[in-house]
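*Asks:* Okay, handing you the structure first.
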Amino acid sequence: MIFATGNRHKLRELRELLPGVELEPLPDFVTLPPEEGDSFAEIALAKARATHEATGKAVVADDSGIGAVGLGGRPGIHSARYGGEGASDEENLEKLLREVAAAGDERRAYYTCALALIEEDGSEHVFEARWDGHLIGEPRGEGGFGYDPAFVSEGQEDGRIASELSDAEKNEVSHRGRAARMLAAHLAERGAAPSGR
């Protein structure tokens, strides 16, 4: 199965989340469409369809991002380019934290992940999950990527941010972990993967 992403962090995470499923990286000859759409599911499906059409293989694609409650859910589907085209993770996060601080005391935020699966026969499925938490004022920690250095998971009593969690801890609670478990359950039902997670 091909994972239609150019993000090596996501590829590594999904390989950990789907033990027993052989995930191939996106072939060099496949060009993913622009991330245009009204929802994470729509964008993930567009990536999966383009890759399936180019390869004929089973494909899974991801679209995910963060929403700040105080900003009406922004950046949402624009998370990857929130600081502008070509912005780094640090620049995106800096802009989000600046805007959240300017909007008032509301610090709640949530990640959303949509995993779109297109099977070899062309049948389509979307598995979507959410991870609730809040944003701290300043990023910290060395691990994680994206907005993780300022995101604290709901119920994280020790206050550790997402980038301070071990991979196993993060996979247990994250949006991508939850969506991947739905995908794994579907694949197990189809006899395409072990149901270990």
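*Asks:* Being of a type in the set (A, V, I, L, M), surrounded by fewer than 17 Cβ atoms within 10 Å (Cβ to Cβ) and either touching a residue at least 12 places away in the same chain (Cβ under 8 Å) or over 22 Å from Lys170 (Cα atoms) (or both) narrows it down to one residue among Leu18, Leu23, Leu45; which is it?
*Replies:* Within the list Leu18, Leu23, Leu45, the selection yields Leu23.
*Asks:* Same structure, new question: Quick test of your reading of the structure: Ala102 fulfils all but one of (1) among the aliphatic types (A, V, I, L, M); (2) closer than 25 Å to Arg12 by Cβ; (3) free of Cβ contacts under 8 Å to residues at least 24 places away in the same chain. Name the failing condition by number.
*Replies:* Unmet condition: (2).
*Asks:* Of everything in the range 122-140 that's out of contact with any Phe, Trp or Tyr (no Cβ under 8 Å at 6 or more places or on another chain) and of a type in the set (Asp, Glu), which residue is surrounded by the most Cβ atoms within 10 Å (Cβ to Cβ)?
*Replies:* Looking at residues that are out of contact with any Phe, Trp or Tyr (no Cβ under 8 Å at 6 or more places or on another chain) and of a type in the set (Asp, Glu), I get Glu124.
*Asks:* Residue by residue through the range 75-93, note down the ones that are of a type in the set (Gly, Ala, Ser) and more than 19 Å from His134 (Cα to Cα).
*Replies:* Gly83, Gly84, Gly86, Ala87, Ser88
*Asks:* Name the residue, out of Thr51, Thr112, Thr31, Thr55, that is touching a helix residue (DSSP H, G or I) at 6+ places or on another chain (Cβ under 6 Å) and among the hydroxyl-bearing types (Ser, Thr, Tyr).
*Replies:* Residue meeting the stated conditions: Thr112.
*Asks:* May I pose another question? Evaluate the range 148-170: report whether one residue or more is in contact with a His (Cβ under 6 Å, 6 or more places away or on another chain), crowded, with 18+ Cβ neighbours inside 10 Å, among the aliphatic types (A, V, I, L, M) and modelled with pLDDT of 95 or more.
*Replies:* Within the range 148-170 (the criterion being in contact with a His (Cβ under 6 Å, 6 or more places away or on another chain), crowded, with 18+ Cβ neighbours inside 10 Å, among the aliphatic types (A, V, I, L, M) and modelled with pLDDT of 95 or more), the answer is yes, since at least one residue qualifies.
The values are calculated or read from the model by the stated rules, or taken from the named source; none is laboratory data. Bear in mind the structure is a predicted one, so any value in this text is a computation, not a measurement. When we count neighbours, we look across all protein chains shown, and the Cβ atoms used for this are built from the backbone with ideal geometry, even at glycine.
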